Amino acid sequence: MFRSISSIGSLLIAAAILYAGNGLQSTLLAVRADLEGFPTAVIGGLTSAYYAGFILGCRFVPGMIKNVGHIRAFVALASIASSSALAHVLFVEPIPWALLRFVTGFSFAGLTMVLESWINERATNANRGKILSVYRMVDLGSVTIGNLLLAVSAPSGFKLFILVSILISIALVPVALTRTSSPAPLETAKLDIRELYRVSPVGAVGAFLTGLANAAFWGMAPVFVQKVGYGSAMVAVFMSTAIIGAGLFQFPMGTLSDKIDRRYVIIGGSVAGAVAAILLASFAGVSQSALLIFGFFFGGLIIPTFGICAAHANDHAAVGKAVATSGGLLLLHGLGSVFGGLAGAVAMSVLHPAALFWYVAAIYLVLAVFSILRVGLNPSTITRKMPYIPVPKSPFTRVYRKLAKPKV
């Protein structure tokens, strides 16, 4: 196992640095936009622009990689992402920021696609779960650190934007110097909503609904924390606490779903996550302890849900169709994310900042009710499951599949 991890050590280092920069940037922009007086709905639109760029990146970057190779594509996209981070300081207006978020989303789709395809290529069927678990820990750990970096300087200044650019640029070094051979070319998956629903109604609906809810959280939670009276340091701690909760709950929930009908785990997690969201909406402004405790359970309960929905759909996928099913679910999740960032912001703008978590709670309760109905209509007949594999915090890049090599 140590040899397997060491063979992709440079890629994991690059991933850690890159995701720390992206984690810092996402939270920083939400906080800074609020400080600049951007309307709440506009801040949500920035989140939607990022996810729209991400989805298009997943669609078009495989062609770029096929034409110029993994390393050249990574260098080009990292340069664009690094420049975009600095450009936010030059043009502090909603429309330029929306365009920059779109470009950043497109670039990060390609950057993470290169890293994930490379790491996946190095894994074997015997150690894939362990390697992806390590990658998952790197993902969560680096994003946690990135959010905590928000406290090292004032978000109203320019230093944090420079730090984001530095981190993205440094991530180039391990990839540019790696000796690991490049993986096979990639092609994009296709989205067939009707087929996805036929294969797994809960998987398809869950993918879209978790995108609607989770994107609103990632994009607007920093704004919520500020509007209920806390500073940027508490924003950093709150976001990190939610991510830590996700890391600690991911494996117990996944393991439980391997042993029982996954829909029961989806129902339980959705209801419990909705309760945590309601508690956040009701008591987050009362004390820091309430904010962090409920945030920990909220992150731990909602973030793993998409991975369980995907695993449930793969249990029902036909032989040879699991990869296509996963890719379609990820695109459906991405579409939900595009709408979710804006929807959560509109709820906050029209009603109250706490409406963000009432909105998320409503989405997860809808998922729970739908899953209960499906359990009643179609009791589980699965006798053999695909093992649960943890999904990264932002899993949209797994919409590709490797070009199959012809058998000889």
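The values are calculated or read from the model by the stated rules, or taken from the named source; none is laboratory data. Computed from a predicted model, the values in this text were never measured in an experiment. Glycine gets a Cβ as well: all are built from the backbone with ideal geometry, and neighbour counts include every protein chain shown.
Odds and ends about this structure:
- Among the conditions (1) touching a Gly at 6+ places or on another chain (Cβ under 7 Å); (2) crowded, with 22+ Cβ neighbours inside 10 Å; (3) closer than 27 Å to Leu148 by Cα, the only one that Leu329 does not satisfy is (3).
- Out of Ser156, Ser169, Ser181, one residue alone is at pLDDT 80 or above, surrounded by fewer than 23 Cβ atoms within 10 Å (Cβ to Cβ) and not in a helix (DSSP H, G or I). It is Ser156.
- Scanning the range 270-292 for any residue that is over 27 Å from Gly146 (Cα atoms), buried (at least 17 other Cβ atoms within 10 Å of the Cβ), among the small types (Gly, Ala, Ser) and under 18 Å from the mean Cα position of the chain (by Cα) turns up at least one such residue.
Here is a yes/no grid of residues against (1) among the charged types (D, E, K, R); (2) part of a helix (DSSP H, G or I); (3) free of Cβ contacts under 8 Å to residues at least 60 places away in the same chain:
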position	(1), (2), (3)
Leu335	no, yes, no
Gly341	no, yes, no
Ala345	no, yes, no
His352	no, no, yes
Tyr359	no, yes, no
Val369	no, yes, yes
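- Only listed residue being more than 18 Å from the chain's Cα centre (by Cα) and assigned to a helix (DSSP H, G or I), chosen from Ala81, Ala73: Ala73
- So Val237, is it under 20 Å from the mean Cα position of the chain (by Cα), touching a residue at least 12 places away in the same chain (Cβ under 8 Å) and farther than 23 Å from Gly340 by Cβ: yes
- The residue list Val175, Val164 contains one member that is modelled with pLDDT of 90 or more, surrounded by 18 or more Cβ atoms within 10 Å (Cβ to Cβ), under 24 Å from the mean Cα position of the chain (by Cα) and under 26 Å from Val61 (Cα atoms), which is Val164.
- Residue check for Leu351: crowded, with 19+ Cβ neighbours inside 10 Å, modelled with pLDDT under 95 and hydrophobic (A, V, I, L, M, F, W, C): no
- Exactly one residue out of Leu100, Leu90, Leu46 is surrounded by fewer than 22 Cβ atoms within 10 Å (Cβ to Cβ) and under 30 Å from Phe224 (Cβ atoms), and it is Leu90.
- The residues of the range 284-304 that are at pLDDT 90 or above and under 19 Å from Ala215 (Cα atoms), listed by number, are Phe294, Gly295, Phe296, Phe297, Phe298, Gly299, Gly300, Leu301, Ile302.
- Residue within the range 7-17 that is touching a residue at least 24 places away in the same chain (Cβ under 8 Å), part of a helix (DSSP H, G or I) and under 29 Å from Tyr230 (Cβ atoms) present: yes
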